[in-house]
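The structure appears below as structure tokens.
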Amino acid sequence: MGNFKHRIVYQIWPRSFKDSNGDGIGDLQGIIGKLDYIKSLGVDTIWLSPIYATGNKDYGYDIDDYYKINPEFGSMEDFDELLHKSKNMGIDIVMDLVANHTSDQHSWFQEALKSKDSPYRNYYIFKQGKRNKKRELLPPNNWLSAFGGSAWQKDPNSDEFYLTLFTPNQCDLNWKNEKVREGIYEIMRFWLDKGILGFRMDVINTIAKKDGLPPAGKGKKLDFPFEHIVSLPKSHEYVKEMHEKVLSQYEDVFTVGEGMVTSLEDLNAYTRPEEKKLQMMFQFDVHLIGCGPLGKFDFRKGYRWTPKELKDLIIHWQTGVEKGGGWLGNFLSNHDQPRQVSRFGHDGAFRRKSAKSLALLNFTLRGTPFLYQGEEIGMTNCHLKEEDWRDFEAINDYRVLQEMMHLPKPLARKVIQKMTRDHARTPMQWSEEKNAGFTTGTPWMKVNPNCSYINVEKEMKRENSILSFYKKLIEIRKSSEALSTGSFVPVDTENKKVLSYLRQKGEDTYLIVINLSGSLAEANLMDVSAYNFKPVLCTYDALPFMPSMKLQPYEGRLYKV
Ligand code: TEU
Ligand code: CA
């Protein structure tokens, strides 16, 4: 199986993957029924978005009980079956670990609410509210929640507020409290003892908060407290402690950190092996291209970006992490992002072409590749009416955009439609049957009507399908040390449309050439023309290498010496 650098990870968002019992909600038996399919892709690792008991305000990222399976998804027996069946097929399971917050239904929080003197009060971040001149009680500071509105909720029984950086029912844990840390470590041991491979760690770089919780930004209007919560030195210390007390006690635990706006320096500091923290981390700069500083619903840059900007970001991260000695988890899609062909490619005439080139990109970069359910068949964004929205972030930010940013309704709706996480959460398209073969009942969320022609069954029959391109690519990646751990050397860096790079290790040299634009382009590869490159996998025709090559819209080519 190799180590973490050689793995290929398939992310499942269980609620929308496959329903086995007709209640319209994806479940564990649904996943078990699709293990053969997952195996056929060539992946060796599954990351499951949260499957624990939850109130679904944030669809599983608000956890009521870390030791229980969400009954909508099945039972612990179902989970054990999934774990064992997949292990027998050579697939390991990575679980989501949400350690920054619990839901407000979690027993720790329920205890904390009982009184100010509860020993559990200190498990969370409670703080006395402030009174204005009219003696009205206001939140303790101006912190904005990641999903819009104040990050503070009023305790019904006192003048205190508690911190919720995401949905109002996701209560931030107080990592200063040793009991909290031990509680989380206990959870980790429970699942590792069961035999899972490791964890994807949710917003792990925000677990520490600045002492005293000072105001954010200029301190006046609601503002997101990046400077007081993102990657503080204490967060690094806690992760180090977690490594020492838990991760290092098991053999080869897979860890990938997710974090808000992680800088290059921080990513390296979390993932350099000698730091003994995490194996790899995600970065989000690429995904936030064209967005304003407050994130995906910050429309002030008009979501405009150029292929050159995208290219420069990729090169910045690739070379910066290699130099810094860290390791990236690479992805273009996940459950929080619009569909990759709609966002970075073209979901009309060039859908197949751009889906393949984006795959070529993701699987030939330095770092461990992750793919998200449905991207392997080129699933696209979906037109969703207001009544189709399911995600709290979209629904809440829609209101915030109108009330705080004074956007007219039609514009606010456009912003949500562009970036909503719901795009990633429409059900997986298995076939052209009713509800895309996802469920025999009523799906919990709208199925994209393009399932009539975008579905797994059709892809399996089609020649030159996106799906078969993924399979070939994964096979090539798995059999090549250069593509997994080799160096990344950008070429033709000034080119405005084409991203070209070498991946090299020992005797092996690959050249990747990708037109990131929707128009004709030309790659200038004089610098590497001494190599005797042969085409390996191309999104159009397998044309011979030339020092200067014309490329079709979104064309991608992989060459090897
Ligand atoms: O997301 C954390 C995160 O950094 C968010 O800002 C993310 O970028 C967001 O979805 C923007 O739209 C993680 C999970 O992936 C997400 O699903 C959860 O809602 C969030 O943590 C809270 O647990
Ligand atoms: Ca079900």
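The values are calculated or read from the model by the stated rules, or taken from the named source; none is laboratory data. Note that the structure is a prediction, hence the values are computed from the model and not measured. For neighbour counting, all protein chains shown are included, and Cβ atoms are generated from backbone atoms with ideal geometry for every residue, glycine included.
Here are the numbers for this structure:
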{"read-out": "All helices (runs of 4 or more DSSP H) inside the stretch 338-438 with 2 or more residues being of a type in the set (A, V, I, L, M)", "value": "351-364, 392-403, 409-419"}
{"read-out": "Condition met for MET95 (among the aliphatic types (A, V, I, L, M), surrounded by fewer than 20 Cβ atoms within 10 Å (Cβ to Cβ), modelled with pLDDT of 95 or more and more than 16 Å from ligand 2 (Cβ to nearest atom))", "value": "no"}
{"read-out": "All positions within the stretch 149-164 that are under 24 Å from the mean Cα position of the chain (by Cα) and surrounded by fewer than 24 Cβ atoms within 10 Å (Cβ to Cβ)", "value": "GLY149"}
{"read-out": "Boolean, TYR303 is surrounded by 17 or more Cβ atoms within 10 Å (Cβ to Cβ) and either touching a Lys or Arg at 6+ places or on another chain (Cβ under 9 Å) or at pLDDT below 95 (or both)", "value": "yes"}
{"read-out": "Among residues of the stretch 513-550, those that are touching a residue at least 40 places away in the same chain (Cβ under 8 Å) and either in a loop (DSSP other than H, G, I, E, B) or surrounded by 24 or more Cβ atoms within 10 Å (Cβ to Cβ) (or both), counted", "value": "8"}
{"read-out": "The stretch 551-561: number of residues that are within 27 Å of GLU463 (Cβ to Cβ) and not in a strand (DSSP E or B)", "value": "4"}
{"read-out": "Single match in GLY33, GLY22 (criterion: touching a residue at least 24 places away in the same chain (Cβ under 8 Å), farther than 30 Å from ALA482 by Cβ and surrounded by fewer than 17 Cβ atoms within 10 Å (Cβ to Cβ))", "value": "GLY22"}
{"read-out": "Only one of VAL447, VAL456 that is within 16 Å of ligand 2 (Cβ to nearest atom) and closer than 25 Å to ASP36 by Cα", "value": "VAL447"}
{"read-out": "Meets criteria (away from ligand 2 (no atom under 15 Å from the Cβ), crowded, with 20+ Cβ neighbours inside 10 Å, touching a residue at least 60 places away in the same chain (Cβ under 8 Å) and within 27 Å of MET460 (Cα to Cα)) for VAL43", "value": "yes"}
{"read-out": "Any chance SER480 is surrounded by fewer than 20 Cβ atoms within 10 Å (Cβ to Cβ) and free of Cβ contacts under 8 Å to residues at least 24 places away in the same chain", "value": "no"}
{"read-out": "Residue check for GLU475: surrounded by fewer than 17 Cβ atoms within 10 Å (Cβ to Cβ) and touching a residue at least 40 places away in the same chain (Cβ under 8 Å)", "value": "yes"}
{"read-out": "Residues located in the stretch 309-346, provided they are without any contact (Cβ under 8 Å) to a residue 60 or more places away in the chain and among the β-branched types (Val, Ile, Thr)", "value": "VAL321, VAL341"}
